[in-house]
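One structure below.
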Amino acid sequence: MKRIIFMLLILAPIAGMAQETNKRDTTLFVNGRKLTIKEHEGKIKVKLYEETSHGDTIENDQIFEGVYLDGQSIERRMALSIPFTKKKYRGRFEPHYAGLYFGYGNLASGLRLKNAAGIDLVASKSWEIGINLFQGSLVLTPDHHWGLVSGLGYGYNSFRIDGNKAFQREDGVTKLISAPDNVTYSQSRLRYNSFRIPLLLEWQQRFGNKGPLFASLGGEAEIRCWINSKVKVDDHEKTLDKNLNIHPVGINLLAQAGYDNWGVYLRYSAFNMFEKDKGPELHPVTFGLVWHW
């Protein structure tokens, strides 16, 4: 990128002279990249586009913009990814949020995981699965080691309850209630879906053209929906209750680390998932693997 910027600085005055003669903008093609140089009222604006292929159509995505005036410069780099179209640019900052993930889940009370609030979970059958569809980044340092990452994700959480009990509301309060006499739950689950918007501080380091090694930490706003408590009796699934006084909005703490496209994550809900005095003190926590595209 330094060599490109140096080339732009050299080309800028040349483009300016050409415009005085031709009275039009200048477009150059260099190593598969498109450069546009415009001058207006003494201000030179330079844009750099990377050639990308979408099907049989060749297009150009803007990756750099520079404005130069009286020895001063303003530079801006763009980074945006959408599903299955991410192209590796070695030497550039590559955000790590978009991708597929799977993890095991638990319900914690503070730092207590086992039997929190008297609730016994089947840990091996409590999980979350999700897809993070979009991501964008803002590079913070010239060496591309640090950046802010955001995006949009979707998650599905399912917690398997043990002990022939299920979550239900009683007198407006969500409780873990035992099955009626002579009824056995072969399954009991608390389920909810969520849409998530993160803000992460990410560090990454390359080793030549390999990697990068990365780690990120930050917060994640979560909008919860389609909440229900379901049981299975005699191979018939039944919804016992919906909503269950669960907060529709939550804040998660999210930590990630990995190498290249693969990583691990830990997600912890910072606040009680139930409304105050309308349910037990429980914080969803999940950890697992993620594949970034």
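Only the coordinates and a few stated rules stand behind these numbers; no lab work does. A quick note: this is a predicted structure, and the numbers were derived from the prediction, not measured. Cβ atoms come from the backbone with ideal geometry, glycine included; neighbour counts cover every protein chain shown.
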## Note on the structure
Non-local residues with an amide H under 5 Å from the amide H of PHE134, with H modelled 1.01 Å from N and Pro and chain starts lacking one, are LEU152
### Task
Just report the Cα centroid separation between segment 259-293 and segment 97-155, whole Å.
5
## Note on the structure
In segment 99-292, taking the dipole from +1 charges on Lys and Arg beta carbons and -1 charges on Asp and Glu beta carbons about the Cα centre, the listed residue (GLY110, VAL183, LEU240) farthest towards the positive end is VAL183
### Query
How would you rank SER150, SER124, going from fewest to most other Cβ atoms within 10 Å of each one's own Cβ?
SER124, SER150
### Message
On a 31 Å Cα-Cα criterion, which of the cross-link pairs LYS125/LYS210; LYS43/LYS210; LYS45/LYS210; LYS114/LYS242 come out too long?
### Response
LYS125/LYS210; LYS43/LYS210; LYS45/LYS210
### Task
Determine the dipole magnitude for segment 99-292: charges of +1 sit on the beta-carbon of Lys and Arg, -1 on that of Asp and Glu, nothing else is charged, the reference point is the Cα centre, and the result goes in debye to the nearest 20.
100
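If packing is taken as the mean number of other Cβ atoms within 10 Å per residue, what is the order of 117-123, 218-224, highest first?
Output ranking for 117-123, 218-224: 218-224, 117-123.
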